[in-house]
1. Between Thr308 and Ile38, what length in nm is gained on full extension when 0.36 nm per residue of separation is reduced by their alpha carbon distance?
2. Label Leu468 and Ile430 with points 7 Å out from Cα along Cα→Cβ: what is the distance between them in nm?
3. Compute the long axis of helix 285-306 from its Cα atoms, compare it with the longest principal axis of the Cα atoms of the chain, and write down the angle in degrees, 0 to 90, nearest 10.
4. When the distances between all Cα atoms of the stretch 1-49 are binned every 10 Å from zero, what whole-number percent does each bin get?
5. Could you please tell me the mean projected area of the C-alpha convex hull for the stretch 265-324, averaged over all directions and given in square nanometres to one decimal?
6. Mind giving me the nanometre distance, one decimal, between the label points for Val141 and Val167, set 7 Å out from Cα along Cα→Cβ?
7. Would you mind checking the radius of gyration and Dmax of the chain based on alpha-carbon positions, in Å?
8. Whole percent per 5 Å bin, from 0 to the bin with the longest distance: what is P(r) over all C-alpha pairs of the stretch 1-158?
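The values are calculated or read from the model by the stated rules, or taken from the named source; none is laboratory data. Keep in mind it's a predicted model, so treat the numbers as computed, not measured. For neighbour counting, all protein chains shown are included, and Cβ atoms are generated from backbone atoms with ideal geometry for every residue, glycine included. Keep in mind that these areas ignore ligands, DNA and RNA; they rest on the heavy atoms of the full protein, side chains included. Shrake-Rupley method; radii C 1.70, N 1.55, O 1.52, S 1.80 Å.
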Amino acid sequence: MHFELVQNFPFFTILMCLISAVLCSVLNGKAARLVNTILLITVTIMSVMVFGFVLNTGESYVYMMGHFPAPWGNEIRVGVLEAFMATFFAVIMLLSMIGGHHKLIEEVDEDKHRLYYILVNLLLSSLLALVYTNDLFTAYVFVEINTISAAGLIMIRQIGRTIEAAVRYMIMSLLGSGLLLMGICMLYDLTGHLLMSNIKEQVQILASDPSSQVPLMITITIISIGLCIKCALFPFHAWLPDAYGYSTVSSAAMLSSLVSKGYIFLLIKIIYRVIGFEVYKDSHIMNILFIFALCGMIFGSVSAIRETDIRRMIAFSSVAQIGYIFMGIGMGTKAGMVAAIFHILTHAATKSLLFISAIGLTDVSGFSRRFFEITGSGYRNKIAGVGFTVGSLSMVGVPLFSGFISKYLFASGAVQLTGKMMPALICLAISTILNAIYFMKTVIRIYTPIQNDKYLSIRSRSMKLYCLTIVLFVAINVLLGVSSHPVVEYIEMGLEMFS
């Protein structure tokens, strides 16, 4: 009985998120926050139990919703990688919500708090669905839910820049969604299926038929471009700095660490379980992704160096980090894919830490985000200073932190290639140097004492939950950095189950 119950948990978590969103619509802000917190904790616990279950059995399983087989019913598929990602996403979202709660009260009108938690619950439901679903059209439906939720989280802080950022985000994101839907329709026309496993069987047949290779290639290209736009891969990143830079701190932490990662994870699922890794590799689209990724790594870092606003600097850093992930995918090897997935974890944990720490630094600097004003803020808010320093060291790739393992995995994957080895290693080295320039420059500035500090009398408020959030984010970073071996094994096991 316990065996069957655990197998239901992935579906239950998605359903709970949707029901909680409806429930929050009739509650006040405080009650909606309580429901959201209970939901996140419950989803985390259930996801851990599912992860333990699939790890123990050593194989994935398919859950038929309503017990109807395809094509009448819908399916979700659960393996080690899906359960691990669901757990990680829930933990990051929980910490992001706790760490940014005090700013939500200040920056969002009280009558909109209820709406905020509705959007967060919908966002979590869409992320879990993208992780678990075994049906392409269901994936598209939750991509749209994800898009609307993310736009709402940006726009809910009613200032001009957030409205502009949300409109730009919606335009670019809907363009990506349109291309994704077009690609899914074309794939359905070619294969007659929407279930991932059934599509893959037909794609293998089509790939060996010369007359079907051109439409199949066009379909794969359209789907890939659509998801790349939604992930903000260079050069489709123009909407990203304002969206991350001017939204509430919890929104920025979740948008940067989770939303784009959900789309990337969907792309990885499509590569392995819809198209087939070898077919996707033979299409040479990975080579194009590889080039865009290298450009993003450099361009994002250069743009971050030129910024004078700490939050926009962190946002531009995400362009570079998304480039890292796509570099791993573009390598076209198992080692590259493992590095890319590990960096999804690294970036999710580190970017949230940076955004939440940065708000603590700006709060004790007259709420200014300019570098000149935050000078010495590491002394005025010690915990935020430590958190930002750890996040910066991780992004640079200093040993003991998760970013070091990511870069080591990327370098190890690159040396196994012939044509792509030198470009990957050179761009990795240049990007690391550029990372060090803008992150270490900021760390030095926040720890530079100044005479006659006009903000010296401003001290950080005693917020135990905020401090606990930063401590836990630092712990996750260090844990990924010093105990990476089991995590890499889980990723490799999950990819084997994908295949």
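1. Full-extension gain reported as 93.3 nm.
2. 4.6
3. 10
4. Histogramming the stretch 1-49 at 10 Å steps yields 26, 47, 22, 6 percent.
5. It is 4.3 nm².
6. 3.2
7. Values for the chain (Cα only, Rg and Dmax): 21.8, 76 Å.
8. Result, from short to long distances: 1, 9, 18, 21, 19, 13, 9, 5, 3, 1 percent.
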